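As structure tokens, the structure follows; a few thoughts come after it.
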Amino acid sequence: MNYLGGNKMKNYTITVNGNVYDVTVEETGSTPSAAPVRKAAPAAKAAPAPTAAPAASGAEGSVKITAPMPGKVLSISANVGQAVKRGDTVLVFEAMKMENTVVAPEDGTVASISVAVGDSFEAGAVIASLN
């Protein structure tokens, strides 16, 4: 170990992506402290995204289908009045460059579709409903 101004110097050899580096680090004698870690602020409850006139309107049903994450509607697979079974695709959306499907959470009839192809929505927004 080397000493510089009363502080210890340590030499390290580090290899990064095949490149070798010689590094000298000075120990100051102070207690090492980690950088403060900020906790992420709790996500605020997202308000439903305002939408233009819905593609298909109707009275909202008792079973609400909400968006699991923000996205943009690519296609709508179900129509208002259509009977769906649990697991049937209601719509397809894009989020983080991936296609995702929204499926019916239970058997029922589509009461409303609150979005149109090309619409963007926030997480938690009601995008369809069933009776």
message: Neighbour counts of other C-beta atoms within 10 Å: give me Lys85, Lys97, Lys8 arranged from fewest to most.
response: Lys97, Lys85, Lys8
- request: May I ask you to compute the full-extension gain from Asn79 to Asn17, defined as 0.36 nm times their residue separation minus their alpha-carbon distance, rounded to one decimal in nm?
  value: 16.9 nm
task: Using just the alpha carbons, could you tell me how many Å³ per residue the convex hull of segment 77-131 encloses?
output: 77
- prompt: Summing +1 for each Lys or Arg and -1 for each Asp or Glu, what net charge is found among the other residues whose Cβ lies under 13 Å from the Cβ of Ile76?
  reply: -1
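No value in this document is a laboratory result; all are computed from the given coordinates. Every value quoted in this text rests on a predicted model; they were computed, and no experiment measured them. Backbone-built Cβ (ideal geometry, glycine too); neighbour counts: all protein chains shown.
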